[in-house]
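Okay, so here's the structure we're looking at.
The values are calculated or read from the model by the stated rules, or taken from the named source; none is laboratory data. Computed from a predicted structure; not experimentally measured. Glycine gets a Cβ as well: all are built from the backbone with ideal geometry, and neighbour counts include every protein chain shown.
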Amino acid sequence: MGLQLLDESSDYCGEFMIPSKLLFGKYFSILHRQEQKHLNHIMQEYGLTSFSYPLLVYLYHNEGLNQRKLCDILSLDESLATRTMRTLETEGYIVRERDLKDQRSYTLMLTDSGKKIAALLEEEIVKWWSEVLNPLDETSLAILSAQMDKVSQRAINLNRARMDSKKVDK
């Protein structure tokens with residue numbers, strides 16, 4: 001017998017009974033994967049992957065940011081971001097310069113090509129999300145957005161606190 005959800009309208013997934021409201025990760029994951037598929041389809045033309053998207057678009061609106069700060073803001077793995085930044089630099093989308101305040105990090109600037117692709121990507125993803133969220137009215141969308149922001153920040157803060165407490169324990 002697989003995992004049965006307490007809500008009959010939900011999916012059947014394994015051996016134990018769990019409430020469907022605990023499966024948010026499933027839905028977040030589906031949305032994230034579908035967004036990435038859409039982005040990868042667009043970005044393959046430019047020799048890039050969907051991981052480049054948040055970096056390019058955030059820099060488009062916040063140029064001159066320190067690479068470490070960017071990773072922190074976007075909750076990205078620094079080593080993966082560094083490899084992606086090197087690719088973006090090689091492809092001519094960004095310029096990385098040693099950060100004067102922190103010689104171990106870089107300040108990031110978009111090139112003209114980087115600005116063009118970031119604007120295109122932002123336009124494409126706005127169109128895609130508009131289609132995905134089309135069934136929601138403005139009020140529902142505002143509530144969903146506010147609640148998603150709240151729980152996302154909570155998750156980040158909880159994990160940071162856990163990591164910080166482990167550092168203190170050592």
Could you tell me whether any residue of the stretch 154-163 is outside the structural domain of I42 (by TED's automatic domain parsing), over 17 Å from F51 (Cα atoms), part of a helix (DSSP H, G or I) and in contact (Cβ under 8 Å) with a residue 24 or more places away in the chain? yes
Flagged pairs (Cβ under 7 angstrom, 6 or more apart or on separate chains; first in the stretch 103-122, of a type in the set (K, R); second surrounded by 14 or more Cβ atoms within 10 Å (Cβ to Cβ)) are K115/Y60
Looking for something of a type in the set (G, A, S), assigned to a loop (DSSP other than H, G, I, E, B) and surrounded by 12 or more Cβ atoms within 10 Å (Cβ to Cβ) - is there at least one such residue anywhere in the stretch 97-107? yes
So, in the stretch 120-131, of the ones that are surrounded by 12 or more Cβ atoms within 10 Å (Cβ to Cβ) and within 17 Å of the chain's Cα centre (by Cα), which residue ends up nearest to T84 (Cα to Cα)? L121
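From the list L48, L108, L59, which one is of a type in the set (A, V, I, L, M, F, W, C), in contact with a strand residue (DSSP E or B) (Cβ under 7 Å, 6 or more places away or on another chain) and more than 24 Å from S152 (Cα to Cα)?
So the residue among L48, L108, L59 that is of a type in the set (A, V, I, L, M, F, W, C), in contact with a strand residue (DSSP E or B) (Cβ under 7 Å, 6 or more places away or on another chain) and more than 24 Å from S152 (Cα to Cα) is L108.
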Could you list all residues from the stretch 139-161 that are at pLDDT 90 or above and of a type in the set (D, E, K, R)? D149, K150, R154
Consider E89 carefully, then state whether it is assigned by TED's automatic domain parsing to the domain that holds Q44, part of a helix (DSSP H, G or I), acidic (D, E) and touching a strand residue (DSSP E or B) at 6+ places or on another chain (Cβ under 6 Å). yes
Test I94 against the criterion of being surrounded by 12 or more Cβ atoms within 10 Å (Cβ to Cβ), within 23 Å of F24 (Cβ to Cβ) and among the hydrophobic types (A, V, I, L, M, F, W, C), and give yes or no. no
Filter the stretch 133-142 down to the residues that are part of a helix (DSSP H, G or I) and over 20 Å from the mean Cα position of the chain (by Cα) and list them by number. E138, T139, S140
Anything in the stretch 47-81 that is in a helix (DSSP H, G or I) and surrounded by fewer than 15 Cβ atoms within 10 Å (Cβ to Cβ)? List them, or say none. H61, D72, I73, L74, E78, S79, L80
What number of residues in the stretch 43-71 are modelled with pLDDT under 90 and β-branched (V, I, T)? 1
